[in-house]
Structures are given as structure tokens and as C-alpha cells.
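A quick write-up on the structure given underneath.
The values are calculated or read from the model by the stated rules, or taken from the named source; none is laboratory data. Since the structure is predicted, the reported quantities are computational estimates derived from the model, not experimental observations. Note: ideal-geometry Cβ built from the backbone for every residue, glycine included; neighbour counts use all protein chains shown.
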Amino acid sequence: MRHVTACFRKRKHGEFKCLSRSFKQVLAGFYETGRREFTVLDSDMRFQVIVAAVFWSGFVESRKVRGISSSYKRFYKERKSFLCIDGSKIIPFEQVNDDYCDCEDGSDEPGTSACPRGRFYCTNLGFRPHYIPSSRVNDGICDCCDASDEYNSPAHCQNTCWNLGQKERAYVEGQMRTLDEGLRLKQQLIEEGVLLWREKQAQLRELQQVAEDLQIKLEEHRRRKHEAERLKEQTLKALEAGDSGKGRILMRSCCNPYSITVDEVKTKVVLVHDEERLLSEDEALGLLGGGHQIDLTKFRRTLWDVLTRGDSVKVRSISLHFQHPPRCFFAAEWEATNLKKVEEAYETVNMEISDLRKKLAIDYGTDWEFLFLNSQCYKLKVYEYIYTLCPFNQVTQKNTAGTEVSLGTWGMWAGTPKNQYSQMVYENGEPCWQGGSRTTTVTLTCGTETALRSVKEPSKCQYIMDFQTPVACQPVLKQRGIHSEL
Amino acid sequence: MASFTERMVPVLVLWLAVCLAETWAVDRGNFKTCDQSAFCKRQRALKPGESPYRALLETMELTNTRLTLQLINDNNKVRLLLELYRLQGNITRVKINELKPLKPRYEVPDVLIREPPTEPLSLLSQDENGVVLSLGSESQRVIISARPFRLDIMEGSDVLMSLNSRGLLTFEHLRMRKDTFSYKVTSTVASVWDNIKRVFSSQADPEAEKKEEADPANQAETTKEEEEKVEDGMWEETFKSHSDSKPNGPSAISLDFSLPGVEHVYGIPEHADTLRLKTTENGDPYRLYNLDVFQYELYNPMALYGAVPVMLAHNTQRTTGIFWLNAAETWVDISSNTAGKTVFGKMLDYVQGSSETPQTDVRWISESGIIDVFLMLGPTPKDVFSQYASLTGTQSFPPLASLGYHQCRWNYNDQEDVQSVDAGFDEHDIPYDFIWLDIEHTDGKRYFTWDPHKFATPKEMLQGLMDKKRKLVAIVDPHIKVDSNYKIHNEIRSKGFYIKNKDGGDYEGWCWPGSASYPDFFRADMRAWWASMFAYDQYEGSMENMYTWNDMNEPSVFNGPEVTMHKDTVHGAWEHRDVHNLYGFYVQMATAEGLIQRSGGIERPFVLTRAFFAGSQRYGAVWTGDNAAEWDHLKISIPMCLSLGLVGISFCGADVGGFFKSPSTELLVRWYQTGAYQPFFRAHAHLDTPRREPWLFGPENTALIREAVRQRYTLLPYWYQQFYHAHRTGEPIMRPLWVEYPQDPATFSCLNLFVCSQVWFDIHTFQKHNGAQNLYIPVTMSSIPVFQRGGSIIPRKVRVRRSSTCMEHDPYTLYVALNLQRTAEGELYIDDGHTFNYEKKEFIHRRLSFAKNILSSVNLAPDAQFTTRSWIERVVILGASKPSKVTLQTAGEYSQLEFDFDASMSVLTLRKPGMNAGADWTVMLQ
């Protein structure tokens, strides 16, 4: 493509027409009538323009000039002399393709190997025409599928253009099918992506709500804990002050943190089916296992056991009977435990939020089409290693002995400016022997399935992966047809 | 091609400054200093003085071809036998051995290409003080002085060389260990035997009594010998954790050589040092002991991978050489009476006329073996090259393709990798001929095998390369994995071909495969077996476009002393101590033989080796080992290869880009530009470095590298002709300027200037420079200052293709650079490029000459026959004037040639003369 001159001499009127540089694809069609039409397509294929250059069908090719494309034939019309295409020199026409390089630009020898900077045009009917460097003319290696480059060589080249064309067409068709299917799947994945995105957003909002609730709860618990502690301290102070009467009362009412009395049981425990009735001394004694006062260990085995089963007795509702609950040490500890639980819950939720936020901060493509890859992992065995790619997360390598080595964690998109989503980089993997750390570059290619296709290590600790997925399919691919080269 | 890289000096300096901060170097503690090597320490402790050796002139025997004479050490009465030969081509050989050694001492086999032919020696005069012999037809004489023994070689009234003039000849005779039981028994038995012998012989031979007195085994003298003190390290030596059992005791030899009038000595590679050897008085001697030195340091005399015990001495009058044929660990001390003098001091001497003659003194010390030294007496540099070549042979004539570019890396991972790198060269239009596979291609470092997954179908891969007329080199190292499931190991073990440890079991060391054993390449039957392993039906997956690389053949033993083999391992009758420096030589010899045999003797082999010895030039290419991606390493590659070239090994190169570490883009480009003008042109890189194929550094740098490689390819006809010349003559291909200008002292240590009354043409711009001046050539990233000397004709093929083989039939362009006399000469050599058929005279060899405005091609080998499709497509005459008419005469026909004249550069270009490259023709400018 890049070899096509932008200007065409329009013979009839002797004027030049130049194509704008923005035309990216120039395709030439060939018509056997001797007419030459140049079809110019812009990159979007929105319209076709027939530009210029209609050569007279009466033009006689008295001598075949080897190695030129039809678009260049006009430079090689048989006259007395030949002007090097760069205009640098005029030589007799016999010196065109005479196996001696006269023109700096190599234009006098399109069909021989004489010019170091020359090029030879393979017509390759049935396949793609293309240029090869002049140095490949008659070098004993078949380069043009139509064998035209080895016209004076011991190499026995077969014309393979038709086969190649068939294969190419089949391949391109396959590619097109893949592309179509890929694009269809991609559309689905985009839709899924959008849903997933919304879902994640919703999840985030939910979590945030939970976090807010927990925040409130947390404050309440802090307050309570604070209060409990305050009371505990007061009690302690009172005890220390030696006010024995008051102390005794406090003790009797509740404040031995290490034991429970029958009285306490009587005031705080009620029957499930009759909440209003106070327990009798004997009933309370029974619940405590026969002693008037028991310690905490014993309590756990007796009363606590009964309470937790909850079928006969329960603790009297706090609102009624704990309105002035015993401000004891036990309560302070209780509140501290509660607070800790809430704090933990809050922390967990916040971590989830920040994880989710981090995930959502990743660029999943313009339509969140890559989002579905998140939390997926893909494996491939290459020789003695199993490679695992977890997109947007990490890449690892596991050997047969089961040792796993990190080949990098998610770094960034690193594709071309045109399509930055064509390549991912995972960096800061396990350090290497000679310094630096392992990195992996993942190239995304269009396919109907999402899978890891190949892994290579061209240089030590530098891994490259080929990762196929429908979301890498680009509609632009579709427009590159068989005729991608002039 | 002249020196060019010197222009990079400013750049080099800058880079050095940046790099000084880095601490990256060899671990010197792994390698011995002279002080840590018992024999070196012992020998070096001896200072110049009166030699204890005396020549016993009455024992002299002179035949037509040889003189023998006994020497006696007056201190211990041990006698030596001196043999002196006059060899054809102005070489004198001096051999000294014990007259009656306790057991034979090692004499190096297989290095000399034949028993050197001798010339008659004649006695000129003799008296009780000495003997004068005539050396051939010239006015050269050898004077043997009796007391003390010394040997002087004279020409006219000039002393060319003196041996033992400083009295440093030593010969540690083999002896029994005195503190052992066996010594006592044996010496008793010996004395009984001697007594018996005396009784019988005295009856039979009345002369015997007299002779007996002179016998070193004589009892009276033995007593005296016993008084010699036993020094540390004579019977046992330890270095780090390794001990050397030394069952034969001390066996070192040493001899000094004085070179009057000489200030410049060169050679004794391999050292990472300047071309001109330095004096060693203030440090260690230069060491020759083949070692795998990890991350070697520059500018010091430490031993490296190879050893060629050949030193060249040069002054304006004469070039001479000393070839010390000994394969044991060797140290070379150099001193000079002018070394300390400043230039001003030298000038003062000169003005005052009071100067003593400058003189360089050299001393060789080897651990065992005998003294066998060849004094190559020049007188020109080229004479010395041909003298040395007559002894050890010339550079093998390599396949043309091996002069192209080689792409190597440790490692190309798998077949797909090879294929994609191959394709990369085509995509970026860079020619190359060989892609290389390092150790990872094997199945677990078992050489001659392939990794079953990564290289599952090697023939397919090789065929793919062959389709593009390209080739591959696979590594085969000489350490064999000890593994009973490995065919090669089993066969070597069952045949008993492994080197044995001192206790008689197979020696095992640690190398790439883990535990490994080392085939005994000193056995001819082992080498024959090894060679047979390269047969296509033995080496599975090999094809005719696959060649071989022998690495680690010092040999490298990771857990051995100094990363090599224990000296007390056993090779048949010899200890490793005696033969060490020859191991790599034999590995390459056997491998090259294998490649020749697999083709039925038709194809030329290509084998690269890291370790080498004198004579290794006959088997292929060498490289300077594991260098680093540093500017200083690029710079040192030039003197390292120059030094090798001086001692016959022309096919030399350094890893382009540097093996360890990663080169900056600029360094890489510069290295390609340098490597393109060195004989062996291969890029290589360490496993841990990032990829560096030529196209990975942006289009601009790709273009620069492409251009450098293309320049190499255009000059391939010239390289090939140069290799043919080297193969014929032994002359180096890459040479220091003094070889070309032996009478110009400015070139002797020339590193940044040359002074020569010549004309030089920039090969790119055709800019003409007159000689005898200092020039600073400005460079850009894209320019390589390369000059064609006025007076030369260089054939090129300017149609650079994918590989050299693709260019086989291409036409030539002749570059004729006129000198001040408006003449020029050159040669053109053509053959099939890969077989030995040139030995059957199937080649074209033409002399191209320009004189009196006539350029002609004359057949240099009328009895040779070869036809080529190549023709002459262009003649470019540099320094020409404009002719009015140009006529070509070929096969009796005359035709007018078109031409183009560029008056501004005085360049005349003849358009398409078209004659066949093998034809007789003349072109007349009128």
C-alpha cells in the first residue's frame, strides 16, 4: 500500500491528479479490456471514487517490461529514452531492465536484481500482487507465487497463486466468520458488561448503605461502651472509697462480676409462658443448680444452658427490667465485645467497597466489554509449565513440581494509540536472577472463544501471551479484504 | 582496509567515565597468580645470573641435519640433551630434554603438520669455548658457548637472538620422592643394578668407565642431588579447596631469550590486553593456561580460553618469532631496558649517541614437558608468517557462507522462534547466513540430541532454512552428561574413552548437564569415534546445512580448580598437567573431521571453538569468549583478534553486542559496524539479556545495522579471496599496520594514527586522503571510517541478497584505487564456495592490475579450471582522470565501453563491461 504513488498522470489531458493523503486504501482493479481504472476507497469504505487515468486501449505494449505494476506501466512506455522516475537521469530506453543499474532510485531495473534499492512487482494473478526487493529476483528462491521472480534461475518455481488464493480466501472467509461471530458475541458481552457494570454499581451502593448503617451502629456502640466503662470506673471508685454500706448494696445487687446470686436470678429471669410471674426461690435455686450463689463457670453449665435452649425460661425484657441495669464490669466487657464485632463488620464492608471501587476504577473498555474477564482465570500448558492468566489481576506460572511463580500483576493497557485495548501489561512479578522482575505482555486477538492461545518467553523473565477473546474483535478488521495490498 | 575503530576513542572515553561506578568483574580469587602456582613462583624466584649449565662440547655430534650436545648442570650434575636443527625457510629449532629422564617427558604431538624438513648444518669453527655453526646459505651463524651454556644467533655482526644469555635455563629433572618407601626400594635396586651393569660393561667396553663418570645416574652425583631442598608445592599443591597430588614431582622448564634491538613484541594470545605486549616486571607474567574465565577483565595478563605460545618481535630491520611448543601451563615474562624510559629519555639517548641498544628479554616458564622451541628468523613479517605456517599449517579455508553474518543467542527457544527470527531478517531485508542454537536446544544438555518438545522436528526446521539458502549451527560441548540412558555416555564409558582420575576411575566434574565426564580427545581412537558421531545417521536431526560449535573445551569444569580439570587426571601415559592447553585443539580437530567425514570428504567444515592452541587455525574459527556489552570490550576485540591473526588464527571474532549485559543502542550499532569488518561476524547474547535482534531498536537503528551488514556482504568476494590467501600463505587477514609498513615505527604501537606515504580512499564517499598525516575523521552514527588503500583493487558484489549463497552467481564490481604512481593491484578468487574441490584445482584465481591506463585480468592459476556465471558489471576507478575513450579487449574482440566520470571526486565508472569474471581481458583508457 505504501508504495503507491499519490499522483497519477492523466495522459489524455496531460494533467496531474493527486490523491489526498487521507485516502488510506488504494485498490486497483484490473480489467482485461486494456482500460485501467483506479479505484480509491477511503478507510471507512463509505464511498468509492474513480479517480483518474484512463489509458487508451490502443496503447501497444511492444515490449514487456518485467517487474512493474500496471499503475507504473505509463513510466515505461517505449520511447527513445527513459526518465528515471525520480527525474534524476535520462537513459536510452534499451537500458531499462538491461541488468545494470543506472538510476539512483532503481527505476530503470524493475525486472532485474541490478539496483540495490529496487523492487520487483509480482502480479500474482489469483492471489495478492505485491512488491519484493530486487535482491530477491533470480536468487534461486521462489518469492512470487506466480514464479515471475525466478525467470532466469535454476529454481523450479511452480505457480501457486491459485492455491494460495484459495487458501487465503478460505482463511479470510474463516476470519470473517470468526469476526462476525466474534462481533456478535462481543455485542452480547457488551450487554452483559453493561448489566454487570450496573450490578456492580448497585452492589457498591448497597455496600455503601450497609457501611452507613454500620457507621451509625458503630457510634451507638461506642457510646454504650463508653458509658459502661464510665460506670465501671465509678463503681470501682466507690469501692475504693471504702463506703462499705453502699458497696455492700452494690455487691449484693449485682456487682460481684464473678458470681450470680439467687436474687439476681429471681429478678431477671422469667418463665417463657408466664413473663409476669416472679420465680420462686426454689425455682431460682433449681436453675442455679442448687447453690445460692454460683460462679461464672458453673453458671455457664447450668442457667446459661437453660437460657440458650430458651424453651422454659428467658431473660426478662431489658426495657422493663434492665432500665436500671446493674452497672457492672460484666456489662463493660460485653459492650466492648459488641463494639469490636461492629467495628470488624464495618472494616470488612469498607474493604469490600474499596476492592470494588478499585475494580470499577479499571478501564474495562469503552463499553465495559472487558469487565466479564474480571474474576476469570485462563490456563494454558506450554512444555513443562502451566500458565494462568487472571485478567486485571495477575499472571502465574506453575511448574510440574507445583511451584508457582508470579509473572506479574495487572499493570495497564498498553496497546497502540489507535487501539489501546489490544495489549495488557502485567508487571512486578517474581524478581529475576539478573535483576528486574518478571513482566508479561498480553496481546488480545479476535476469536470466538475466550482463551489463552500461546505463551512465550522471548527473553528471560519477559513473557508474551496471545489471548483470544470476542471482545478483541474490531469492526474495522472487516473492511480489510483480500485486496489489502496493491 | 585500514584501522578505523580508533576513531571511536572520544566516545569510548565518555562511556568509561559513566561506567566506572559499576563493580562488575572477574572473581580474580578463582584464578592463580604466579605466586599461587608453585612452579611459577619457584622459577620466578630465580634471578638472572651465571647459568649453572655447561655445554659438554666433547659430546657434540653433528650429522647433516642435526646437532646434539649434552648440557650439564654443575649444581646437580643432571645432564640434558640439546638438539639443534636448521629447518627449511630460515627456522632454527632448539630442543632440550633430560638426557635420561626417569620416565619420558611429554612432547606435543599433532600440532606440527609434519616433521619439519631440515637443511644442512655445517661447522664453521670449534674450540674449547664453543662452536660456531653456519645456518644455511645466509650469513647466519649459531654460536654455542660452553661455559656457561648460551646460544646466540647472529647475522653478520648483529645478534638476532640469544638463548640463556641471562642464565635462566632451568630443567627440573624428574626424580623419585625421597620420603617414600618406594623411592628407597627403587633407588636401592637401581644402585644394585648399576653395580651389576658396571661389572659387565667394564669387561665389554673399555670406554664405559669413562662414560660412567658423566652419567647423571652415577652414584656420586645422586648423593649431591639428594641435598637439593624440597620446596613447598613440589610434590603436592593446593589451591582453594583443590589439591593437586603431583605424583611426578617437580618438572618445570624455563628458558630466557634476549632480543637485541627489539622494543616491540606481540602475540602469545589469548589475553584481553593491548596488541603490543607490556613488560611484566611489576606484575604477573602473561599466563597461558586455557581457562573458562567468567566475566573476564580487560588489560591484564590473566589467562583466557586459548593459548598460542608464539611471540613475534619486530623492529624496522627485522621481524622474528619464537614458538615455544609446550602444552602445559606456561607463563611468559617480558622485560625491556627501554621500558621505563620516557620518549624524552629515548631522544636524549639518540642525540647523545650514548644509548645502549634497546633490548627486550623474554622468559618462558612451563610446568612440564620439554623445551622445544622454534626460532623463526624472518626477516620480514610475511616471512615469519610463512615460517610459522610451515610448522603448524595455515588457516582452514572456510565455506564462503561462514564469512557472512551469524545470528546467535543463548537461546532461540524453539523451532517457532528460529522460524520467526529467520523471517524477521527477510522482513527487515537484512542478510544473514547462519542462525545458532546454544545449549538449550538439547535434551537436558545431552549433546547430539534435541529437546523433544521445543525442537521436535529439527529436520523440518533445517529444511526451512535450506529453502532460503541459510544454515544453522548447533552446539556440541565436550562434557558428557553422566546418565545411563544417554547413548553417547554409554558408548564412551563402555569404550573406556573417558579421562581418568588419578585413581583410575572415570573423572567426573560438574558442568551444564550436572555431573559430567570428559572424553579423552588425546586418543586417536576416541577422536575417530567422536568424528563418526557426526554422521547423518548417528546425529539424529542433522542435515548438511547444520554445522557445529565447540564451547567449554578448555575444558570447563565448574567445580574444578580454576574452573577446569584437575591436573592429576590421567590421559593414558600422561597427566592432564602435561597436555592441558591441547584439549580444545583436539576437540575442534575431531569435530571438524566429523563434519568432513559425514559428507564423504567433499564439504568443508565449519566449527567454532572457544579454546585453542597453536595449530587450531587448521580446524575453523575462534571467538573471544564471553565478553560484555561495554565500549571497552568492543575496543579490546580489535587487539585480541589482531594478536590471534599474528599467530596464524585469522578466523577470529568477538560477540557482537557483547555477551553479558545489555548494550545501549549506540553501542550495539557501533559493534555491528566494527564486527562487519572483523573476520568472524556473529552477534551473541546471554540468556538473561533482553532480545536484541537487529530490528528491535527502532527503524533508524535497524537501518544502520542493515547498512553495516550489507557492507559486509558486498565485500564478501574480498573476504573470500583474503581467506584463500591466508589459507595459502598463513598471513593474517586482519593485521596491524606494522605488518604492512614494517619500516614505519609509528605503526608499531599505532592505535590512533597511521603515518604512511600512501593514498587512502574512503570506501563510501570516495574521498581521497593523502598519507603521512594525522587525520581526524568526523563520524556520524551512520558512518564507519573504512578506507581502501591507493594501489589496491577490491572486487565486490553489490547486489546484496538474503544470504551469501543467494549471491553466488552475481556479477562483480571492481573498485580500483590508484596510488600516486597511478597503479593498482588486486586478486579475484572464485570457486564453488563450499567443497574441497579447490584442492583439485577447481577454481578461478586472477590477478587484476592497473598500470599505464590499462586494467587487466591475468590468470594466476593456468592449471586450474572452474567456470563461473559471474561477470564484471562495473569498474569504479578512484583517483582517475577523464579518458576520451575506453576499450575492452576480451577473446580477441574489441568493444567500446560507456563510462561516467565524476570530476569532483575523480571517479571513473565503466558501465557494464560484461566480461566473464574468469576470462582474460584488458580495459584500455585512452
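Kindly indicate whether any position in segment B:436-458 is of a type outside the set (A, V, I, L, M), more than 14 Å from every other protein chain (Cβ to nearest Cβ) and touching a Pro at 6+ places or on another chain (Cβ under 7 Å).
In the first step, residues of segment B:436-458 are kept if they are of a type outside the set (A, V, I, L, M); the result is B:436, B:438, B:440-455, B:457-458.
After this cut, where a residue has to be more than 14 Å from every other protein chain (Cβ to nearest Cβ) as well, the list is B:436, B:442, B:445-449, B:457-458.
Cutting the leftovers down to touching a Pro at 6+ places or on another chain (Cβ under 7 Å) gives us B:445-446.
Scanning segment B:436-458, I find at least one residue that is of a type outside the set (A, V, I, L, M), more than 14 Å from every other protein chain (Cβ to nearest Cβ) and touching a Pro at 6+ places or on another chain (Cβ under 7 Å), so the answer is yes.
Which of the residues belonging to segment B:399-426 are within 11 Å of chain A (Cβ to nearest Cβ) and in a helix (DSSP H, G or I)? Step through it out loud before you land on a result.
Let us first name the residues in segment B:399-426 that are within 11 Å of chain A (Cβ to nearest Cβ), namely B:409-414, B:416-417, B:420-421, B:426.
Within segment B:399-426, B:416, B:417, B:420, B:421, B:426 qualify.
What pairs can you find where one residue is in segment B:606-621 and more than 16 Å from residue B:547 (Cα to Cα), the other is charged (D, E, K, R), and their Cβ atoms are less than 8 Å apart, with a gap of 6+ or different chains?
Once the first residue is more than 16 Å from residue B:547 (Cα to Cα) and sits in segment B:606-621, its partners that are charged (D, E, K, R) give B:611/B:554; B:612/B:270; B:615/B:110.
Based on what the data block shows, is residue B:880 surrounded by 17 or more Cβ atoms within 10 Å (Cβ to Cβ), under 21 Å from residue B:811 (Cα atoms) and of a type in the set (Gly, Ala, Ser)? Give the steps one after another, and end with the answer.
Details: surrounded by 17 or more Cβ atoms within 10 Å (Cβ to Cβ): yes; under 21 Å from residue B:811 (Cα atoms): no; of a type in the set (Gly, Ala, Ser): yes.
Answer is no for this residue.
For segment B:620-635, how many residues are outside any loop (DSSP other than H, G, I, E, B) and more than 18 Å from the chain's Cα centre (by Cα)? Can you show your working first?
From segment B:620-635, those outside any loop (DSSP other than H, G, I, E, B) are B:621-623, B:628, B:631-635; that's our starting set.
Cutting the leftovers down to more than 18 Å from the chain's Cα centre (by Cα) gives us B:628, B:631-635.
Matching residues across segment B:620-635 total 6.
Assuming residue A:431 fulfils every condition listed in (1) within 14 Å of another protein chain (Cβ to nearest Cβ); (2) closer than 17 Å to residue A:374 by Cα apart from one, which condition is it?
Only one criterion is unmet by residue A:431, namely (2).
Confirm whether residue B:503 is assigned to a loop (DSSP other than H, G, I, E, B), over 34 Å from the mean Cα position of the chain (by Cα) and either more than 14 Å from chain A (Cβ to nearest Cβ) or free of Cβ contacts under 8 Å to residues at least 12 places away in the same chain (or both).
Working: assigned to a loop (DSSP other than H, G, I, E, B): yes; over 34 Å from the mean Cα position of the chain (by Cα): yes; either more than 14 Å from chain A (Cβ to nearest Cβ) or free of Cβ contacts under 8 Å to residues at least 12 places away in the same chain (or both): yes.
For residue B:503, the condition - assigned to a loop (DSSP other than H, G, I, E, B), over 34 Å from the mean Cα position of the chain (by Cα) and either more than 14 Å from chain A (Cβ to nearest Cβ) or free of Cβ contacts under 8 Å to residues at least 12 places away in the same chain (or both) - is met.
Looking at segment B:448-473, I want the residues that are assigned to a loop (DSSP other than H, G, I, E, B) and have a partner that is at pLDDT below 95 and surrounded by fewer than 17 Cβ atoms within 10 Å (Cβ to Cβ) with Cβ atoms under 6 Å, at least 6 apart or on another chain. Which pairs are those?
These pairs meet every condition: B:453/A:383.
Every residue in segment A:429-444 that is touching a strand residue (DSSP E or B) at 6+ places or on another chain (Cβ under 8 Å) and loosely packed, with under 14 Cβ neighbours inside 10 Å, please.
Narrowing segment A:429-444 to residues touching a strand residue (DSSP E or B) at 6+ places or on another chain (Cβ under 8 Å): A:429-431, A:437-444.
Once the filter is applied, which keeps residues that are touching a strand residue (DSSP E or B) at 6+ places or on another chain (Cβ under 8 Å) and loosely packed, with under 14 Cβ neighbours inside 10 Å, segment A:429-444 yields only A:431.
Where the second residue is part of a loop (DSSP other than H, G, I, E, B) and buried (at least 17 other Cβ atoms within 10 Å of the Cβ) and the first is free of Cβ contacts under 8 Å to residues at least 40 places away in the same chain and among the β-branched types (Val, Ile, Thr) and lies in segment A:436-462, which pairs have Cβ atoms under 7 Å and are six or more apart or on separate chains?
Every condition considered, the pairs that remain are A:439/A:429.
Which residues, counting only those in segment B:530-570, are free of Cβ contacts under 8 Å to residues at least 40 places away in the same chain and on the phi > 0 side of the Ramachandran plot? Break it down into steps so the answer makes sense when it comes.
Of segment B:530-570, the ones free of Cβ contacts under 8 Å to residues at least 40 places away in the same chain are B:537.
Matches in segment B:530-570: none.
Matching residues to (1) crowded, with 20+ Cβ neighbours inside 10 Å; (2) closer than 24 Å to residue B:381 by Cα; (3) modelled with pLDDT of 95 or more; (4) in contact with a His (Cβ under 8 Å, 6 or more places away or on another chain):
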| site | (1), (2), (3), (4) |
| --- | --- |
| B:615 | yes, yes, yes, no |
| B:646 | yes, yes, yes, no |
| B:653 | yes, yes, yes, no |
| B:668 | yes, no, yes, no |
| B:671 | yes, no, yes, no |
| B:680 | yes, yes, yes, yes |
| B:688 | no, no, no, no |
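Which of the residues belonging to segment B:279-290 are free of Cβ contacts under 8 Å to residues at least 60 places away in the same chain and assigned to a loop (DSSP other than H, G, I, E, B)? Can you show your working first?
Filtering segment B:279-290 down to residues free of Cβ contacts under 8 Å to residues at least 60 places away in the same chain leaves B:280-283, B:286.
Within segment B:279-290, B:280, B:281, B:282, B:283 meet the criteria.
Filter segment B:291-319 down to residues that are assigned to a loop (DSSP other than H, G, I, E, B) and β-branched (Val, Ile, Thr) and give me whichever is farthest from the chain's Cα centre (by Cα). Full working, then the answer.
We begin by selecting, within segment B:291-319, every residue assigned to a loop (DSSP other than H, G, I, E, B); these are B:291-309, B:315-318.
Still in the list and also β-branched (Val, Ile, Thr): B:293, B:308, B:316.
Values: B:293: 18, B:308: 6, B:316: 24 Å.
Across segment B:291-319, the extreme among qualifying residues is B:316.
Filtering segment A:134-169 down to residues that are of a type in the set (A, V, I, L, M, F, W, C) and within 11 Å of another protein chain (Cβ to nearest Cβ), which residue is farthest from the chain's Cα centre (by Cα)? Steps first, answer last, please.
Restricting attention to segment A:134-169, the residues satisfying the condition of being of a type in the set (A, V, I, L, M, F, W, C) are A:137, A:141-142, A:144-145, A:147, A:155, A:157, A:161-162, A:164.
This time we only want the ones that are within 11 Å of another protein chain (Cβ to nearest Cβ), so: A:137, A:141-142, A:155.
Numbers: A:137: 45, A:141: 43, A:142: 42, A:155: 49 Å.
If we take residues in segment A:134-169 being of a type in the set (A, V, I, L, M, F, W, C) and within 11 Å of another protein chain (Cβ to nearest Cβ), then A:155 is farthest from the chain's Cα centre (by Cα).
Can you tell me which residues in segment A:372-407 are within 30 Å of residue A:201 (Cβ to Cβ), at pLDDT below 90 and touching a Lys or Arg at 6+ places or on another chain (Cβ under 8 Å)?
A:374
In segment A:104-133, how many are away from chain B (no Cβ under 13 Å), of a type in the set (A, V, I, L, M, F, W, C) and farther than 26 Å from residue A:161 by Cα?
0
Looking at segment B:256-278, which of the residues that are assigned to a loop (DSSP other than H, G, I, E, B) and aliphatic (A, V, I, L, M) is farthest from residue B:611 (Cα to Cα)?
Step one: list which residues in segment B:256-278 are assigned to a loop (DSSP other than H, G, I, E, B), which gives B:261-263, B:268-275, B:277-278.
Then keep just the ones that are aliphatic (A, V, I, L, M); that gives B:262, B:268, B:272, B:275, B:277.
Working: B:262: 30, B:268: 14, B:272: 14, B:275: 20, B:277: 21 Å.
It comes out as B:262.
If residue B:483 satisfies every condition in (1) within 16 Å of residue B:546 (Cα to Cα); (2) more than 13 Å from chain A (Cβ to nearest Cβ) but one, which is the exception?
The failed condition is (1).
Which one is farthest from the other protein chains (Cβ to nearest Cβ), of the residues in segment B:860-899 that are touching a Lys or Arg at 6+ places or on another chain (Cβ under 8 Å) and farther than 23 Å from residue B:717 by Cβ?
Here the residue is B:896.
So which of A:240, A:219, A:275, A:283 ends up being loosely packed, with under 13 Cβ neighbours inside 10 Å, modelled with pLDDT of 75 or more and among the acidic types (Asp, Glu)? Spell out the reasoning first.
Numbers: A:240 fails: modelled with pLDDT of 75 or more; A:275 fails: modelled with pLDDT of 75 or more; A:283 fails: loosely packed, with under 13 Cβ neighbours inside 10 Å.
Answer to the check: A:219.
Considering only residues of segment A:446-456 that are away from chain B (no Cβ under 14 Å) and not in a loop (DSSP other than H, G, I, E, B), which is surrounded by the fewest Cβ atoms within 10 Å (Cβ to Cβ)?
Selected residue: A:451.
Going through segment B:398-426 one residue at a time, which ones are surrounded by 19 or more Cβ atoms within 10 Å (Cβ to Cβ) and hydroxyl-bearing (Ser, Thr, Tyr)?
B:402, B:405, B:412 - these are the residues of segment B:398-426 that are surrounded by 19 or more Cβ atoms within 10 Å (Cβ to Cβ) and hydroxyl-bearing (Ser, Thr, Tyr).
Does residue B:831 count as within 36 Å of the chain's Cα centre (by Cα), within 14 Å of chain A (Cβ to nearest Cβ) and closer than 27 Å to residue B:401 by Cβ? Talk me through it step by step, then tell me what you get.
Values: within 36 Å of the chain's Cα centre (by Cα): yes; within 14 Å of chain A (Cβ to nearest Cβ): no; closer than 27 Å to residue B:401 by Cβ: yes.
Here the answer is no, as residue B:831 does not meet what is asked.
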